Amino acid sequence: MARRPDNPRPGLLVIDKPQGLTSHDVVSRVRRLGHTRKVGHGGTLDPMATGVLVIGIGKATKLLTWVSGHSKEYLATIRFGIATNTDDAEGIATAAPGCVSLSEADLESVLAPLRGDIMQVPTTVSAIKVNGKRAYALARAGEDVELAARPVRISRLEVLAPPRLAEVHLDEAMAGEREACTPGPVRVVDVDVAVECSSGTYVRALARDAGAALGVGAHLTALRRTRVGDFPLEGALTLEELAEAVEAHSDPEAEPTLPLLPLGVAALSMFPALPLTQAEAGAFAHGQAPRRSRAQLAQWAAEVGHGTAGDDDASPIAATAPSGDVLGLLRIDGTRLRTVLVF
């Protein structure tokens, strides 16, 4: 029997990832529900973390580069008094001096330097490649991993509630074999924070650095992503809700119907639109960018609030046909338009 063509309806899904699943696990679930291999995600969430995971289907996977590059928001809980080798609760303790108290002034003194434009050393157990290999694979193999600091922006790092004193039991599994971490009770302080940051930021590393600055160590015990770019948690579906929606709206005789944000709608929610004439739309379908003068580009950019012509950091532009359909993406390159992507 001939295989069905894998040409799914393109669009985005916003999933509320549960704890315990990897981002790839979620992609696999969506592939099975949608009967398609053409699925990707826009920004990894660790298994411990929950919250917004943007999924692209079909041609919409081409948008994920820009989804993952947008700013993000998180709610997190930092536990002061124990450091771990993963900077979160899934790792093994590397130091457990404890933390018996934490004043607001002391907390602010270590959080303040972490706000704004900073240089951050990523957490060792990360997907960053070192000489072609993932850092987490090298770390788990027992190799020393040194990652270079890189620029990130922390727009918000706010304490949401008074610090909470607690006592936890460090068991043998979490204590590992380090002499500095003996099993037993450890006094800790838990702090809930809200974080808004640029792409590439490791919230675990913020916890690590705050704990190191206080000299007591720290790690994350909870992390929930509440926004990626223009996609908030409020519009996200759980995997159970997604499965129910597919079952409720799919025809048994046809391919499953995923409750997608259509490709064109998604593109227009992310990028400003530049209308093309019918002739320009026809040429753009073959990769030819429309022509605009410098003055026309400057006027259009001012009207829509887009980056000025020649701005290397300007986001792409959605090219639209007279019908309103989104044809693909453009970028202003110096004094002319350049085709980035044709849908």
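The values are calculated or read from the model by the stated rules, or taken from the named source; none is laboratory data. The model shown is predicted, which means the values in this text are computed figures rather than measured ones. Every residue, glycine as well, gets a Cβ built from its backbone with ideal geometry; the counts of neighbours run over all protein chains shown. When the accessible area is computed, the model is the full protein with side chains, heavy atoms only, and any ligands, DNA or RNA have been set aside. Shrake-Rupley method; radii C 1.70, N 1.55, O 1.52, S 1.80 Å.
In the set (1) in contact with a helix residue (DSSP H, G or I) (Cβ under 8 Å, 6 or more places away or on another chain); (2) part of a helix (DSSP H, G or I), the condition left unmet by Thr257 is number (2). Taking the criterion of being under 20 Å from Ala266 (Cα atoms), surrounded by fewer than 22 Cβ atoms within 10 Å (Cβ to Cβ) and touching a strand residue (DSSP E or B) at 6+ places or on another chain (Cβ under 7 Å), the residues of the range 41-67 that qualify are Gly43, Thr61, Lys62, Leu64.
Taking Thr94, is it open to solvent by 20 Å² or more (accessible area, probe 1.4 Å), part of a strand (DSSP E or B) and closer than 30 Å to Pro185 by Cβ? Yes: the conditions hold for Thr94.
Only residues that are more than 21 Å from His249 (Cβ to Cβ) and surrounded by fewer than 15 Cβ atoms within 10 Å (Cβ to Cβ) were counted across the range 19-40, and they come to 7. Scanning the range 40-60 for residues that are over 14 Å from Ser28 (Cβ atoms), assigned to a strand (DSSP E or B) and of a type in the set (A, V, I, L, M) yields a count of 2.
Looking at (1) out of contact with any Pro (no Cβ under 8 Å at 6 or more places or on another chain); (2) more than 27 Å from Leu268 (Cβ to Cβ); (3) not β-branched (Val, Ile, Thr), which is the one condition that is false for Leu21? All conditions are met except number (1).
In the set (1) of a type in the set (A, V, I, L, M, F, W, C); (2) modelled with pLDDT of 90 or more; (3) assigned to a loop (DSSP other than H, G, I, E, B), Ala243 fails one condition alone, (3). Is it true that Ala248 is over 24 Å from the mean Cα position of the chain (by Cα), part of a helix (DSSP H, G or I) and either crowded, with 22+ Cβ neighbours inside 10 Å or in contact (Cβ under 8 Å) with a residue 40 or more places away in the chain (or both)? No; evaluated as a whole, the condition is false for this residue. Filtering the range 4-18 to residues that are open to solvent by less than 60 Å² (accessible area, probe 1.4 Å), touching a strand residue (DSSP E or B) at 6+ places or on another chain (Cβ under 8 Å) and either closer than 29 Å to Val342 by Cα or at pLDDT below 95 (or both) leaves Pro8, Pro10, Gly11, Leu12, Leu13, Val14, Ile15. Screening Glu253 with (1) exposed (fewer than 14 other Cβ atoms within 10 Å of the Cβ); (2) at pLDDT 95 or above; (3) over 18 Å from Val52 (Cβ atoms) gives one miss only, at (2). When each of Thr50, Thr124 is tested for being within 24 Å of Ser155 (Cα to Cα) and either modelled with pLDDT under 90 or more than 17 Å from the chain's Cα centre (by Cα) (or both), the lone residue that passes is Thr124.
From the set of residues in the range 175-226 that are part of a loop (DSSP other than H, G, I, E, B) and among the hydrophobic types (A, V, I, L, M, F, W, C), which is modelled with the highest pLDDT?
My answer is Val216.
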